[in-house]
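One structure is given below, encoded as C-alpha cells.
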C-alpha cells in the first residue's frame, strides 16, 4: 500500500491510496465515522424560575422568565450537537474511562443570556475560563429569546464516539472514489481543455492528457455539461486506474483532520488485533 497525503487542514483531509482494495477504504470510512473519540455535551442542567429583572419603556419592572421558544429537551439536543474542541492531550486524559461515562471527568460549560437576542454557540463558555475549550465556530445559532425571556444552563461534556451517538461523531462526509486519468482528442480538444478548467494537461501525440487524479476528478465533473453532445463525448476518454483511490473527509471542528485519521487507524488496528486474538483462542 502507498499513501500520499495530498492535503491536510484542520477541518479537511485529502489522501491518495495506491495498491489498496475497496474493502480497506470502506473500513477506514466507517472507522472515521464511528470510532474516533471526541468531546460532546452529554448532560444539560436548566435553571428554572426568575433570572433577574428588567425595566420596560414605561419604567415598569418585570422579572426575566427562564423560558424560550423551544422546549428544554430540544435546546439540550441543539447544545449536544455543538462541536466541542478535543486535542490529543484531552483524549489521553479521558481515554481510560472511554467506555464508562459515569467514571469520566467532565468539562463544564455555562450559558447565561437574557432576551431579546439570538443566542449563539460563542455564548457557551467553559466554566474554568480556558479559551482553548471554547466552541470552534462561535456563530452557530442556538435559540432566539424574546423580551423577558432568559436562559441559564450548565452543560457537561464527556468523551464518546459516533458509535454511541452522533453528538460524538467528529468526522462527516468521508468518501472515496477511483482515481482516473483524462484524455481529450480531436478537433474540439482545445475547447474541452478550457472547459475542464483545471490546467495540468500535457500533449500526448495529437491528444491532451491529464494524469493528476485530483485534477482529473474535477475536470471530469466540469465536463459533465457536455453529456448530450455526441461529438464532445467522442473526444473524451477516461481511464480508471486499478487499486488507486482518492479519499477525502471533513471534520465538525471538534478535532483536527490529522488527529481524526490517526485515531481511526489506531481503532482499526486495535480491532484487528482483538479479532486475531479471538481466532487464536478459538483454534
Report, by residue number, each residue of the stretch 188-220 that is in contact with a strand residue (DSSP E or B) (Cβ under 6 Å, 6 or more places away or on another chain) and outside any helix (DSSP H, G or I). 200, 201, 202, 207, 208, 209, 210, 211
Tally time: how many residues in the stretch 227-276 are outside any strand (DSSP E or B) and either buried (at least 17 other Cβ atoms within 10 Å of the Cβ) or assigned by TED's automatic domain parsing to the domain that holds residue 94 (or both)? 15
Any chance residue 281 is assigned to a helix (DSSP H, G or I) and either in the same structural domain as residue 19 (by TED's automatic domain parsing) or surrounded by fewer than 17 Cβ atoms within 10 Å (Cβ to Cβ) (or both): yes
Candidate set: the stretch 161-170, residues that are in contact (Cβ under 8 Å) with a residue 24 or more places away in the chain and surrounded by fewer than 22 Cβ atoms within 10 Å (Cβ to Cβ); chosen: the one farthest from residue 82 (Cα to Cα): 163
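The values are calculated or read from the model by the stated rules, or taken from the named source; none is laboratory data. Owing to the predicted nature of the structure, the values given are computational and were not obtained by experimental measurement. Positions of Cβ are backbone-derived with ideal geometry, glycine not excepted, and every protein chain shown enters the neighbour counts.
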